[in-house]
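Q: I'd like to ask you about the structure that follows.
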Amino acid sequence: MDEFTLIQKYFKKLTYNNPSALSLNDDVFFDKKKSVVISTDTYLEGVHFLNFRNPDLVIKKIIRSSISDLYCKGVTPKFVFICASGNNKSFSNKNLNIISKSLKEEQKKYGIKLSGGDTTRSNKAIFTIMSLGYSKKIVKRNKCKSGDDVYVTGNIGDSYLGLQILKRNILLNRKKYNYFIKKYYLPDLPIKICSNLFDFANSSIDISDGLFGDLSKLINKSKLFYNIDINKVPISVNLKKYLIKFKKKKINFISKGDDYQILFTSSKSKRNYIHKYFKKMNQKVTLIGNLTKDAKNNEIIDGDKILKHANNEGYSHNF
């Protein structure tokens, strides 16, 4: 049973008298009256990060992954609460000093404040992070419309290649190795456009589980279908060179997640505004497709070919 089915079958019914829970169909809790927005995420060693040998990088990755849930809703995170589990090795004095330094750097970079949490003992390193911000409105996940354009910020795919390097499934020279490893641990959050997301986005989500998997979540209640041009999906120069040199398929790298870019839909009438605004903010954004109600299936287009979706629906927790 996947995570979505589990929620729908067992827990959604418990939120019927709680509109702030958004029917458990978004990544945040939103209390409109109090203007409070909250997200929670759990990260388990061996699942969400390979090991805890680089605590400085792991902490930065999970902090950015967590606050990304608020940024993609148009909300600036203000406070984080961290619950941590581990053992004497993972939480040695040396590691705790490293973790503290990394948290301080992230607080300064994103203007967030550590505000509480809990600790307990476990064999593996486990972190649960709650992020909190204030806003009178959010860009919800399922408000897309037929005819909407589909956009994505930044580049995607680098993180997955970095993970494969860490798993020793791929060998590259040191320079390329360092580039992709950095992209895996330190995602570039598109924070500059957060406060104006309401001006053009009908719906949005961050790409955590994969481009097509998260796009399916975006449209899961709308009875719409997507049409994505894979050749327009933005990737870095380094990833493009790798794909060409080793004759790899682009779709296998852009659909795995851990990118933490914003995937959003917008009306065609906003195209000119989006182009000018993102240029002004010096933030890369790419129009990669559209949504329609006049179709029978989602389509990934590669020239005159329609690609199969097999193994490209992204990461999913199964129980």
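All of the numbers you see were taken from the coordinates with simple rules; none came from a lab. Note that the structure is predicted; figures quoted are calculated from it, not measured. A quick note on method: Cβ atoms are made from the backbone with ideal geometry, for glycine too, and the neighbour counts reach across all protein chains shown.
Q: At a Förster radius of 25 Å, what calculated FRET efficiency corresponds to the Cβ-Cβ distance of residue 134 and residue 87, to the nearest 0.05?
A: About 0.10, to the nearest 0.05.
Q: Find the centroid of the Cα atoms in the range 265-285 and in the range 130-165, then give the distance between the two in whole Å.
A: 15 Å
Q: Students often check this: by mean Cβ neighbours within 10 Å, which of 249-257, 286-294, 69-77 ranks highest, and how do the rest follow?
A: Details: 249-257: 20.6, 286-294: 17.6, 69-77: 25.7.
Output ranking for 249-257, 286-294, 69-77: 69-77, 249-257, 286-294.
Q: If you don't mind, there's one more thing I want to ask. State, to one decimal in nm², a quarter of the convex hull surface area for the C-alpha atoms of the chain, i.e. the direction-averaged projected area. Numbers along the way, then the final one.
A: On the way: hull surface 70.0 nm².
Mean orientational projected area (the chain, Cα hull): 17.5 nm².
Q: Please list 3J(HN,Hα) in residue order for the range 41-50, calculated via the Karplus relation 6.51 cos²θ - 1.76 cosθ + 1.60 where θ = phi - 60°; whole Hz, with x for glycine and proline.
A: 8, 10, 10, 10, 4, x, 10, 9, 8, 4
Q: Okay, next question. Given an 8 Å cut-off on Cα distances and at least 6 residues of separation, report the relative contact order of the range 3-134 as a percent. Numbers along the way, then the final one.
A: On the way: 199 pairs, mean separation 43.3, N = 132.
With pairs under 8 Å counted, the relative contact order is 33 percent.
Q: Please sort 118-127, 167-176, 206-215, 45-54 by packing, taking for each peptide the average over its residues of neighbouring beta carbons within 10 angstrom, highest first.
A: 206-215, 45-54, 118-127, 167-176
Q: Quick one: which of 145/248; 109/270; 32/143; 143/192 span more than 25 angstrom between C-alpha atoms?
A: Cα-Cα > 25 Å for 145/248; 109/270; rest within.
Q: What distance in nm separates the simple spin-label points at residue 14 and residue 171, each placed 7 Å from Cα in the Cβ direction?
A: 5.0 nm
Q: What FRET efficiency, computed as 1/(1 + (r/R0)^6) with R0 = 41 Å and r the Cβ-Cβ distance, is obtained for residue 221 and residue 284, rounded to the nearest 0.05?
A: Values: r = 29 Å, r/R0 = 0.71.
Plugging the Cβ-Cβ distance into 1/(1 + (r/R0)^6) gives 0.90.
Q: Run the paramagnetic zone check for residue 118: 7 angstrom along Cα to Cβ, then residues of the range 27-66 with backbone nitrogen under 13 Å.
A: No residue passes the distance filter.
Q: Counting only helical runs of four or more DSSP H residues, what would the 222 nm mean residue ellipticity of the chain come to if each run contributes -39,500 (n - 2.57) and the total is spread over all its residues?
A: The per-residue figure over the chain is -8500 deg cm²/dmol.
Q: Let me ask you something else. Using 20 Å as the cut-off for backbone N distance, which residues of the range 25-44 belong to the label zone defined by a point 7 Å from the Cα of residue 5 along Cα→Cβ?
A: 25-26
Q: Could I ask something else about it? Where does the charge balance sit around residue 89 when Lys and Arg score +1, Asp and Glu -1, over other residues with C-beta under 12 Å from its C-beta?
A: So the environment of residue 89 carries a net charge of +3.
Q: Once you sort the root eigenvalues of the Cα gyration tensor of the range 3-134 as a ≥ b ≥ c, which label holds: rounded (a/c under 1.5), prolate (a/b larger than b/c) or oblate (the other case)?
A: oblate
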